[in-house]
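Input: a single structure, listed below in structure tokens.
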Amino acid sequence: MVVRSPEQMGPLRFSGIRASSSIAMALLSMVVFLPWVSAAVSTERSLTVDDYLRLSSVGKAAAQPGSDTFVWEQSPPYNTLGDYGAGTTGAWQGNDYEILTVGPGSHATRKLFQPHERTTYRLGDFSSDGRFLTLLATREGQVKVDVFDFRRQKLTEYPLAPRFPPLVPNADWAWLDNHRLAISAYPDGEGPWPLTFRRGIGSRLMHSWEKSWQGREASVDQYDSSATDTAQPLPGRLVVIDVESGHIQELASGQFSALRPSPDGRWLAAVRQSKLPQTTLEHPRIDWTYARSAVAVFSLADDRSERDIAPDLDVLPDSIEWSPSSKKLAFFAWHAGAGLRNGNFWIADPSRSAAQAVPHAGLSLESQRARGGPQWPEHAVWFKDGLAVFAHPTPGQPGSLAFEDIESNEVVDPRVAVASLPAHWYLLATNSAPHDLTPGMQRVSPIPLLADESEVAVAGDGQAWELDASKPPTHLFPEFSQRFDASANRSVFQPKTNGGRGFIPIVGAPGRLAQISIKGGLPGLKLFDTPPETLVLAVSESGTALSRIGVGKGAQLALINPGGESSMLGELNPVLDSIVETQWVDFKYANAEGSTRPQLSGCLMFPAGYTAGHKYPLIVDVYPDRPGGCAAPEQRARFAMAAGGVSTAYSEHLLAARGFLILRPDTGGGISRTPDGPQAALPAVVDRGVDAVLAAGYADPARVGLIGFSQGGFASLWVATQSPRYKAVVSLNGWSDLADNFFRMSWSEQFAPTEMPSDGDASRYLSPAGSHFSMGDTPWKSPLRYVQNSPLWRSDGVSAPVLLIHSDMDEFLDASYMAFFSSLYMQKKDARLLIYRGEGHSPSSPANIRHMWENIFSWFDRYLNVKRDSEGKMILGD
């Protein structure tokens, strides 16, 4: 790693705010459209892979309590890292950060501390007085807990690896007071596997090989299956660090999760975890849970006593919430063996170790899956002596939890059996029926604007409402004529205005934010006019906001004071200043006659330096069940060039920079599903988008290529087996055989069996919703259905040359692509297989990324008959 001192680093480069040139267009399939081309294109050049590898990104941010000091994660240019071996996907996942800071009254950013050599960091949490800040330090496959002391300006490292719960991106730790930190830690020398995954695999394999080659010790990994379920506590330890003295005390042995100190500091709630019983075919594991979890409450008084709360219940760790009074604890749980779908919310009294169910009869709890999360109920909120929950009304039905599918751009799979009535907030109490807190509203946010024991405010139908258990909700600002965007917080995949303090966007007013508060029973509303595409990262107690202004090219960090004035801190990626910015535009076209979705909206990206009237080689980027809508302002944060930094080694902008026209066809809402299979109609659905682009005159019908990554890797192979129109195919990091994927034992199941039980990928095919591949049955009962829906068994239909790209440490095992390559080899079809060693779900090494893109570019150039001049620019023909 290239290490620079704060003096060498200096302030971030800053130039004037760019006016966003987002293109909002609606194209009909037969309408000729001339895309916007910047007047500055002639002085700019196209994006290259080396440019892509120089990008920086900003992650989590926080304001120090009691001050206007901000800290945040910011990656250095990607190609300056000293280690590319972290994480399951790689350093792209956000393990490559330095910690930067800016103080009150200053516009000069600096490193909070000088990083240790070859060490990157992730931001944790402040102690309540703001003196201490927790951090994760990752160094050569090892993760440790660090604490920065602001008073002494000192960084201290502790020999502990905190646990990362599956599906939860944050470490299991919690401040008990201003100087005591509770941590759920792995046994010495282990974990956390989400960050140490690939290096751990390499180390383990190397040691196993050495044992074999020396011939003195067995090099075997053993995996057992048993018809008899036995309780097996998972290993780990719960410790408390006094960061002032450095003393470490073990509070309990075993693996714990969901550490929740009570607000008054008397108690620490946690869930003790045991190995899950093995599943059965009659009851497959589709609850997104990976351990048996029982609630324990520790007294934080001198005796450190432990109390088990309702040990016969299996608890969802994500759901634990203390009441503000600290007298009660709420959680979602079910009787052991009954399954999450049969659960209820419960309220416990820790002083008596007793718990009582709070039934939700007549309600179907909405799942977080609707906004891209797991199939878990939305978080409950304490309200008076009861719980406010988000649910659909199902009068006369027993309480349930809906299986739901991801909603994106208001498109959702219509086959999912959810209640037809909109979801509302309901008050649950132990001795009364559920009470509707948001009656008559059509669209309500599942995430409250504000919530404490006495006051809960939500956004509904464009307005802000204070909820009341005894009367209808109170319209907080009836004189305010504009509408609040109640959908802004619905999708975890969409960057949103966050940072707390009631910030919410205004509908139809890009850049306008509202801050809502209730103090002493009086509502307050402040409006901020910010530049377009502003993302609030953190807010201090004074109301100053650390924000990212702009997306991709020209994006900057800024401080926005309570009066709305912005102070620029610097540009995130000045390397893009000289680059032609490629952008997605919406491309609307007709679906097949009689379809449930008559109008589709794909996404088009025109090549850098687009010249109207020419027909470009077209590359179709395919992915199952993905709706369009890439050009909307709220979507640009996901799709702009270098949007929010870099998430993987794969970017369609690199293809557009090489002169290709890119189409992402609209496949959302389950329109590819037929009785024959979950993606049976995908080739025909994709064809509708391709036909529309060709009819609009943008592309050359003789030069159409196909590409797909991850689940799109599967989709690209499936379409390639069904359609002869594609002249070149590139498939990355997917799989080719459904049955093989159903049974596959992934790397995490092999080397982290206590974290990921050996269930293969069965839930992908057995879950009734939330998956793009629900088959409705197992390979034992419907083997022909699995064969008929697998590209491997249809590979005789492939007519185009296929470039297969995979990695040897991907969770989608590379053996599936090896089998597909073998099938093409045996049939003497044009194909190439690239397996990148030591990589996860896409390459992270710059050398491998360059090599991958060199092969992708040359593959499409060769088989789409692309000619280039001496500078590499595409030569346009007639």
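Please list 3J(HN,Hα) in residue order for segment 139-155, calculated via the Karplus relation 6.51 cos²θ - 1.76 cosθ + 1.60 where θ = phi - 60°; whole Hz, with x for glycine and proline.
9, 6, x, 10, 10, 10, 8, 10, 10, 9, 9, 5, 5, 9, 6, 10, 9
Please give the per residue accessible area of segment 570-679, computed with a probe of 1.4 Å over protein heavy atoms only, in Å².
On a per-residue basis, segment 570-679 sits at 27 Å².
Give, as ranges by residue number, the residues of segment 138-159 whose backbone N falls under 20 Å from the point 7 Å along Cα→Cβ of residue 80.
138-140
Using the heavy atoms of the protein chains and a 1.4 angstrom probe, tell me the accessible area per residue for segment 818-878 in square angstrom.
Working: 3400 Å² over 61 residues.
Accessible area per residue: 56 Å².
Just order 770-778, 625-633, 674-682 by mean Cβ neighbour count inside 10 Å, highest at the front, would you?
Numbers: 770-778: 20.0, 625-633: 21.6, 674-682: 17.7.
By packing density, highest mean first, the sequence is 625-633, 770-778, 674-682.
Each residue of segment 560-570 in turn: what ³J(HN,Hα) in whole Hz from Karplus with 6.51, -1.76, 1.60 and θ = phi - 60°, glycine and Pro shown as x?
With the stated coefficients, segment 560-570 comes to 10, 7, x, x, x, 6, 9, 10, 6, 9, x Hz.
Could you go through segment 834-848 in sequence order and give the Karplus-derived ³J(HN,Hα) for each residue, using 6.51 cos²θ - 1.76 cosθ + 1.60 with θ = phi - 60°, rounded to whole Hz, and x for Gly and Pro?
Couplings: 10, 10, 8, 8, x, 10, x, 7, 3, x, 10, 5, x, 5, 5 Hz.
Given a 1.4 angstrom probe, I'd like the percentage of the accessible area of the chain that is carbon and sulfur, rounded to a whole number.
The value for the chain is 51 percent carbon and sulfur by accessible area.
Find the all-direction average of the projected area of the Cα convex hull for segment 164-249, expressing the result in square nanometres with one decimal place.
The Cα convex hull of segment 164-249, projected and averaged over all directions, gives 9.1 nm².
Ordered by packing density, taken as the mean number of other Cβ atoms within 10 Å over each peptide's residues, highest first, how do 139-152, 580-593 rank?
On the way: 139-152: 17.5, 580-593: 20.1.
Result, highest mean first: 580-593, 139-152.
Tell me which residues come under 5 Å, amide H to amide H, from residue 102 once H is placed; ignore anything under 5 positions away on its chain.
Hits under the 5 Å cutoff: 70.
Calculated from the structure, Cα Rg over 2.2 N^0.38 Å equals which of (1) 1.35; (2) 0.94; (3) 1.11?
Structure-derived value, by its label: (2).
In what sequence, highest mean first, do 509-522, 720-733 appear when ranked by Cβ atoms within 10 angstrom?
Sorting 509-522, 720-733 by mean packing, highest first, produces 720-733, 509-522.
Based on the Kirkwood radius over alpha-carbon pairs, what value in µm²/s does the Stokes-Einstein equation return for the translational diffusion coefficient of segment 601-725 at 20 °C and 1.002 mPa s? Intermediate values should be presented prior to the final figure.
On the way: Rh = 15.0 Å.
Once the numbers are plugged in, D ends up at 143 µm²/s.
What is the sum of charges around residue 792, taking Lys and Arg as +1, Asp and Glu as -1, for the other residues whose C-beta is under 12 Å from the C-beta of residue 792? List each step's numbers first, then the result.
On the way: positive: 794; negative: 737, 740, 796.
Cβ neighbours under 12 Å give a net charge of -2.
Let's see if you can work this out: charge +1 on each Lys and Arg Cβ, -1 on each Asp and Glu Cβ, no other charges. What is the dipole magnitude of the chain about its Cα centre, in debye to the nearest 20?
1300
To the nearest Å, what is the center-to-center distance of segment 682-761 and segment 126-185, using C-alpha atoms only?
Centre-to-centre distance over Cα atoms comes out at 40 Å.
In nm, what is the difference between 0.36 nm times the number of residues separating residue 247 and residue 266 and their Cα-Cα distance?
4.8 nm
Keeping every protein chain present and rolling a 1.4 Å probe, give me the accessible area per residue for segment 148-221 in Å².
For segment 148-221, the solvent-accessible area averages 52 Å² per residue.
The values are calculated or read from the model by the stated rules, or taken from the named source; none is laboratory data. Everything quoted here is computed from the prediction, not taken from an experiment. Glycine also receives a Cβ, built like all others from the backbone with ideal geometry; neighbour counts cover every protein chain displayed. Heavy atoms of the whole protein, side chains included, go into the accessibility calculation; ligands, DNA and RNA do not. Shrake-Rupley method; radii C 1.70, N 1.55, O 1.52, S 1.80 Å.
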